[in-house]
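The structure appears below as structure tokens.
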Amino acid sequence: MKLSINNLCKTYANGVVALDDLSLDIGLGLFGLLGPNGAGKSSLMRTIAALQTADSGTVSFDEIDVLKQKAQIRKVLGYLPQEFGVFPKTSAYKLLDYYALLKGIGHKKQRKETVEGLLNLVNLYQDKNKNVYEFSGGMKQRFGIAQALIGNPKLIIVDEPTAGLDPGERVRFNNLLSQTGEDRIVLLSTHIVDDVSDLCSDMAIINKGKVIMKGAPVDLIDALADRVWEKQISKKDYDKYCQKYEVIHSRLHAGNPLIHIMNEDNPENGFVKITPKLDDVYFTAINTQNNNVSK
Ligand code: ADP
């Protein structure tokens, strides 16, 4: 099973280049697509889901030419968009039943089995008679996964699914996503680095419509080993450190900046060597691209 994206380009009517000669090969399992807001993730997802056209390039899923054979790709695709839209005043059961009918499950008994099975899987069976629009954010996202799984699709696309979920809901949703990735391709778009390190065996970082890094998270992290150093500094010194060192990123810790820098040798000056994480990989890739563009 393989999803193959080749030289995809898309410029919107307002002149924004959303996809810039983007190529990517994706195999079985959960694949993380990481990038800042505006990187082009949703544009890519919508193109793969045959919901919008590309200016040039190709997308194939096994034998299907995705950009040309829209009906065929829709048969094997489940899609959880970023914005689900407005839910009608209908119970979870009835709405899922309706989606199953739309997806071509015409036989009543088969539809009942499908709907009940999916509600069980996403742990919403006990809430099946509640209106979906009254669900919490996490319940809505789990419902979204249930509708994406109708008909057992081989390719699932989920666009920023954990944005806006509280930590407990996020863990429950990620566990569910992890289960669904066992025998299909699940493409997960997110700007939450931890979701990718928690879930994905393969990933790409995209920015400004281009793939700027691709690989297994463990390998990408390994490549930074022994080069990332950490120090807590005071706010007033922040600019000074940025001038002196290659600062990868900083976050506040107890009100003061905790900075990570990249350095081949021990920088001394109170820095401590740390085991890098995926956010070090992510910010290094984004900073490198931004620096190259501004040069
Ligand atoms: P992401 O999902 O990574 O946040 P998007 O694919 O939504 O990125 O957006 C990529 C760029 O394309 C952004 O600059 C965005 O403003 C722009 N864009 C997205 N959709 C449209 C559209 N329909 N018309 C014009 N510009 C768009």
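Within the range 12-46, the set of residues being open to solvent by less than 30 Å² (accessible area, probe 1.4 Å) and aliphatic (A, V, I, L, M) comprises ALA18, LEU19, LEU22, LEU24, ILE26, LEU30, LEU33, LEU34, ALA39, LEU44, MET45.
Only one residue in THR114, THR53, THR58 is part of a loop (DSSP other than H, G, I, E, B), of a type in the set (Ser, Thr, Tyr), open to solvent by 20 Å² or more (accessible area, probe 1.4 Å) and more than 18 Å from VAL158 (Cβ to Cβ), so which one is that? Before the answer, list the steps.
Numbers: THR114 fails: part of a loop (DSSP other than H, G, I, E, B); THR58 fails: part of a loop (DSSP other than H, G, I, E, B).
Of THR114, THR53, THR58, the one residue that is part of a loop (DSSP other than H, G, I, E, B), of a type in the set (Ser, Thr, Tyr), open to solvent by 20 Å² or more (accessible area, probe 1.4 Å) and more than 18 Å from VAL158 (Cβ to Cβ) is THR53.
Taking every residue in the range 163-184 that is closer than 16 Å to VAL196 by Cα and pairing it with any residue that is open to solvent by 90 Å² or more (accessible area, probe 1.4 Å) and in a helix (DSSP H, G or I), at least 6 positions away or on another chain, the pairs with Cβ-Cβ distances below 7 Å are ASN174/ASP198. If you scan the range 78-103, which residues turn out to be within 22 Å of the chain's Cα centre (by Cα) and surrounded by 21 or more Cβ atoms within 10 Å (Cβ to Cβ)? Listed by number, the residues that qualify are GLY78, TYR79, LEU80. Which condition breaks for LYS236 when tested against (1) open to solvent by less than 80 Å² (accessible area, probe 1.4 Å); (2) assigned to a helix (DSSP H, G or I)? Every listed condition holds for LYS236 apart from (1). Remark: pairs (first residue in the range 12-23, assigned by TED's automatic domain parsing to the domain that holds LYS208 and aromatic (Phe, Trp, Tyr); second residue open to solvent by 50 Å² or more (accessible area, probe 1.4 Å) and within 6 Å of the ligand (Cβ to nearest atom); Cβ separation under 6 Å; 6+ apart in sequence or on different chains) are absent. If you go through the range 67-84 and keep only what is within 16 Å of the ligand (Cβ to nearest atom) and in a loop (DSSP other than H, G, I, E, B), you end up with PRO81, GLN82, GLU83, PHE84. For the range 1-36, taking the residues that are assigned to a loop (DSSP other than H, G, I, E, B) and within 27 Å of LEU199 (Cα to Cα), the one that is nearest to the ligand (Cβ to nearest atom) is identified as GLY35.
The values are calculated or read from the model by the stated rules, or taken from the named source; none is laboratory data. Keep in mind that what you see is a predicted model, and the values were worked out from it rather than measured. Counting neighbours? That spans all protein chains shown, and the Cβs are built from the backbone with ideal geometry, glycine included. These area figures cover heavy atoms from the full protein model, side chains too; ligands, DNA and RNA do not enter into them. Shrake-Rupley method; radii C 1.70, N 1.55, O 1.52, S 1.80 Å.
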